[in-house]
1. Being modelled with pLDDT of 95 or more and either among the hydrophobic types (A, V, I, L, M, F, W, C) or surrounded by fewer than 15 Cβ atoms within 10 Å (Cβ to Cβ) (or both) narrows it down to one of A:Ala163, A:Ala134, so name that one.
2. So which residues in region A:236-261 are within 21 Å of A:His136 (Cβ to Cβ) and part of a strand (DSSP E or B), if there are any at all?
3. Taking the residues in region B:172-193 that are polar (S, T, N, Q) and part of a loop (DSSP other than H, G, I, E, B) as candidates, determine which candidate is farthest from the other protein chains (Cβ to nearest Cβ).
4. Are any of the residues in region B:42-61 within 7 Å of another protein chain (Cβ to nearest Cβ), among the aromatic types (Phe, Trp, Tyr) and outside any loop (DSSP other than H, G, I, E, B)?
5. Within region B:34-45, can you find the residues that are surrounded by 17 or more Cβ atoms within 10 Å (Cβ to Cβ) and touching a Leu at 6+ places or on another chain (Cβ under 8 Å)?
6. Residue check: is B:Leu115 more than 20 Å from A:Ile234 (Cα to Cα), outside any helix (DSSP H, G or I) and touching a His at 6+ places or on another chain (Cβ under 9 Å)?
7. Tell me yes or no: at least one residue of region A:296-308 is free of Cβ contacts under 8 Å to residues at least 40 places away in the same chain, surrounded by fewer than 19 Cβ atoms within 10 Å (Cβ to Cβ) and more than 12 Å from chain B (Cβ to nearest Cβ).
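The values are calculated or read from the model by the stated rules, or taken from the named source; none is laboratory data. Please read these numbers as outputs of a predicted model, since none were measured by experiment. With ideal geometry, Cβ positions are generated from the backbone for all residues, glycine too; neighbour counts draw on all protein chains shown.
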Amino acid sequence: MSRAVLTIEHAGPLTTVQDAGRPGYARFGVTTAGPMDRLAHATANVAIGNPEGASAIETALGGITVVVSEGSIAIAVAGGAPVVTIDGTRVEAWSVQILSRNDRLAIRPGRWGSWTYLAIAGTLPAKRWLGSTATHAQSGFGGRNMAAADTLVIDDARSRPVAPRNLPLPVGARPRQDVRVVLGPQDRFFSSAVQQSFLSGVYTVTDAYDRMGMRLGGPKLAISGSLDMLSEAIVRGSVQVPGHGDPIVLLADHQTTGGYPKIATVIAADQDGLAQLRPRDHLTFRAVSPEQAVAAARIRHRQTRAYLQAVSDKGSRQ
Amino acid sequence: MSDRPPVIRDLGDAGLLVEFGERLDEPTYSRVRALDRALAEEPCRGFTEAIPSFASLFVGYDPLVTDGVEVREALLKLIDRPPPPPPDPKLHTIPVHYGGAHSPDLDMVAEKAGLAPEEVIAAHLEATYRVYIYGFAPGYAYLGGTPERIRLPRRDTPVRSRPAGSVMIAGGQCIVTTVDMPTGWWVIGRSFCRIIDPDAPRPFLFDLGDYVRFTRADD
């Protein structure tokens, strides 16, 4: 272990530190936060021998450029299909690299995907709050927003014996256009014709897409009856329909309660793929039963375990 | 128990929403709290977290361990049993600064309510509030008990940013905010009391069911 210093030369909007999230505090209004694409985040971490839920940098379509101003360090990049360069030379988007002093790593949007993770072999400096370094942008409690000229001092940087290599893409790394939902809890607020248009229509991701949620364009969803509903719990994946009739899928930084009807919930297995869609990408919704959603979560879990086992860095594991 | 059984709805594979009613009233809210306490004492298999709201309780589960069918059964059994007794509520006293820059919406609330600004302040100070739920943002405790004569609906368009510590009202509710946030509620005062203390063993000041009184802070 040795010291390394990274300087952020450029960081687009929504570049934050995320660990696996801050579960268990929703009853106090604290959302879980954590990575938008949990599998890609875990991949970047285990590829360089970090714990799966370690702090990593999440970057959106604005990209990030980092220069090593001191020392050397292993890094891994995963998530989406970004253009990744080291000193201008293209490297694989999903890969493990060793960076040395003065190396300049740039991650810019490529063919597809919205979120990319940069994990470093060492401890990222970020504020821990309620046991987590996940950044909740709205509150500023915990974590860290990345901005140009920030320096990151890594006291426990590792550059060996991590092996530079390319990482195979996991099943489901790509943006998911066929999104499975369980209808409810307020499907009764929508006529069967409106539910039909939700399930048969083609939706488009709008520019109103950030870590809180994704507003969709497409068939408007009229609410039957009055909008007079008590606030109740929201979960990641809740598809909320405010008065304007455009569905909003709530994601990592969602508010913990809300008073708009929710027509459906995106199943956990499809949330990472959904998050990798970009503005102007299309998607459709398909209803499954809660039992099918649970079965999908278990299949996804098995695939994830096998994949993370295969790509993890054995050499540097403690 | 003679209460009608709750409606239990699936939220994907994340958990179940147990709806005890559609209106905020004391019996409904008590049933939410009772199931919340019962779960804390005796969590069902695969239980992850519970999120109480005014008339419903979200019960999260780990889909790798259990499923909605099993959790539903466990919840119905818990609901049928006498719940653990509620803890004794605490009374919190929160100092509030009123007037001037602390109260950007005081004059408008007064006008809409047909009162003098000082009467609005007096009304806000006379009530005892109850902590119903936390929601929306970290540490946002929804307090019920705002007196009838200063109840106003929310604004149609939220105001861009109001600072943390804003004491704001809408309908029968009141919130002391913890983060800078746009809001459609009416800000009538400012408090520097910390609702969230991240380093404290209990980082959140209120427990659900606690009572709150406001006092006028010296400027």
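1. On the way: A:Ala163 fails: modelled with pLDDT of 95 or more.
Criteria check complete, one pass: A:Ala134.
2. A:Ser238, A:Gln240, A:Ile248, A:Val249, A:Leu250, A:Thr257, A:Gly258
3. First pass over region B:172-193, keeping only residues polar (S, T, N, Q): B:173, B:177-178, B:183, B:191.
Now restrict to residues that are part of a loop (DSSP other than H, G, I, E, B): B:177-178, B:191.
Values: B:Thr177: 11, B:Thr178: 8, B:Ser191: 17 Å.
Per the criteria, the residue is B:Ser191.
4. Yes: region B:42-61 contains one or more residues that are within 7 Å of another protein chain (Cβ to nearest Cβ), among the aromatic types (Phe, Trp, Tyr) and outside any loop (DSSP other than H, G, I, E, B).
5. Of region B:34-45, the ones surrounded by 17 or more Cβ atoms within 10 Å (Cβ to Cβ) are B:34-39, B:44.
Passing the criteria: B:Leu35, B:Asp36, B:Ala38, B:Leu39, B:Cys44.
6. On the way: more than 20 Å from A:Ile234 (Cα to Cα): yes; outside any helix (DSSP H, G or I): yes; touching a His at 6+ places or on another chain (Cβ under 9 Å): no.
It is false that B:Leu115 is more than 20 Å from A:Ile234 (Cα to Cα), outside any helix (DSSP H, G or I) and touching a His at 6+ places or on another chain (Cβ under 9 Å).
7. yes
For every residue, the table says whether it meets (1) among the hydroxyl-bearing types (Ser, Thr, Tyr); (2) surrounded by fewer than 22 Cβ atoms within 10 Å (Cβ to Cβ); (3) farther than 30 Å from B:Phe54 by Cβ; (4) within 14 Å of another protein chain (Cβ to nearest Cβ).
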residue	(1), (2), (3), (4)
A:Thr16	yes, no, yes, no
A:Thr32	yes, yes, no, yes
A:Thr43	yes, no, yes, no
A:Ile57	no, no, yes, no
A:Gly71	no, yes, yes, no
